[in-house]
Amino acid sequence: DAASAEAISAENAPKPDKKDDELVEVEVHSFSVTNTSAAADTVIHISFKVHALLASDQEAAFKTAVSSSHKVRVRESIETIFRSANMEDLSDSSLSTLKRLVREEINRVLRQSYVVSIVFNDYKTIQQ
């Protein structure tokens with residue numbers, strides 16, 4: 001029977017990888033951090049918003065974790081990354097190292113690989 005043969009082959013077909021259209025953006029938090037170690041005799045004020053890209057089927061669990069059960073630990077780990085970042089990482093136009101560190105740290109704190117990618121919004125630095 002052709003219909004059952006098609007159904008069987010569809011079941012055995014490889015599942016598509018997560019595409020960008022299956023990912024959702026979830027705001028983690030807005031931050032304002034001071035870094036005193038990136039440059040000698042300079043204080044750098046950094047403000048930014050962190051958004052996590054993750055699979056749409058994990059959105060509810062992730063939101064609960066970052067807004068209640070793990071809220072303080074996630075925020076503290078992100079602040080620590082920016083407080084200890086060097087000038088090269090802070091001034092990188094793509095912020096790739098900071099994005100990777102934030103993604104890895106959120107996943108480590110939550111003990112699950114929710115976050116596929118990180119997006120920073122409203123990123124500003126002021127040196128004094």
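Please find, within the stretch 82-112, the residue that is farthest from the chain's Cα centre (by Cα) out of those that are assigned to a loop (DSSP other than H, G, I, E, B) and over 18 Å from S67 (Cβ atoms). So that I can check it myself, show each step before the final result.
Taking the stretch 82-112 and keeping what is assigned to a loop (DSSP other than H, G, I, E, B), we get 84-86, 92-95, 111-112.
When the remaining residues are screened for being over 18 Å from S67 (Cβ atoms), the result is 84-86, 92-95.
Details: S84: 18, A85: 16, N86: 19, D92: 17, S93: 17, S94: 14, L95: 12 Å.
Looking at the filtered set, the residue picked out is N86.
The requirement of being out of contact with any His (no Cβ under 9 Å at 6 or more places or on another chain), at positive phi and not hydrophobic (A, V, I, L, M, F, W, C) is satisfied by D122. When the residues of the stretch 80-107 are narrowed to those that are more than 20 Å from A39 (Cα to Cα) and in contact (Cβ under 8 Å) with a residue 24 or more places away in the chain, which ends up most open to solvent (accessible area, probe 1.4 Å)? If we take residues in the stretch 80-107 being more than 20 Å from A39 (Cα to Cα) and in contact (Cβ under 8 Å) with a residue 24 or more places away in the chain, then R103 is most open to solvent (accessible area, probe 1.4 Å). Sub-9 Å Cβ pairs linking a first residue in the stretch 64-79 that is under 13 Å from N107 (Cα atoms) to a second residue that is surrounded by 16 or more Cβ atoms within 10 Å (Cβ to Cβ) and of a type in the set (D, E, K, R), at least 6 apart or interchain, are V66/R75; V74/E105; S77/E105; I78/E105, ordered by first then second residue. One residue alone among R100, R83 is modelled with pLDDT of 95 or more, under 24 Å from Q128 (Cβ atoms) and either touching a Cys at 6+ places or on another chain (Cβ under 9 Å) or among the basic types (K, R) (or both), and that residue is R83. Is it fair to say S56 is farther than 20 Å from Q127 by Cβ and exposed (fewer than 14 other Cβ atoms within 10 Å of the Cβ)? Yes.
Of V66, V116, V50, which residue is open to solvent by 50 Å² or more (accessible area, probe 1.4 Å), within 14 Å of E25 (Cβ to Cβ) and in contact with a helix residue (DSSP H, G or I) (Cβ under 9 Å, 6 or more places away or on another chain)? If you could, list the steps in order and put the result at the bottom.
Working: V66 fails: open to solvent by 50 Å² or more (accessible area, probe 1.4 Å); V50 fails: open to solvent by 50 Å² or more (accessible area, probe 1.4 Å).
Answer to the selection: V116.
In the stretch 38-53, the residues that are assigned to a loop (DSSP other than H, G, I, E, B) reach residues that are of a type in the set (A, V, I, L, M, F, W, C) with C-beta atoms within less than 8 angstrom, at least six apart or across chains, in these pairs: A38/I44; A38/A85; A38/M87; A38/L90; A39/M87.
The values are calculated or read from the model by the stated rules, or taken from the named source; none is laboratory data. All of these numbers come straight from a predicted model, not from anything done at the bench. Reconstructed Cβ throughout: ideal geometry from the backbone, glycine too, with neighbour counts over all protein chains shown. SASA here: full protein model, heavy atoms, side chains in, ligands and nucleic acids out. Shrake-Rupley method; radii C 1.70, N 1.55, O 1.52, S 1.80 Å.
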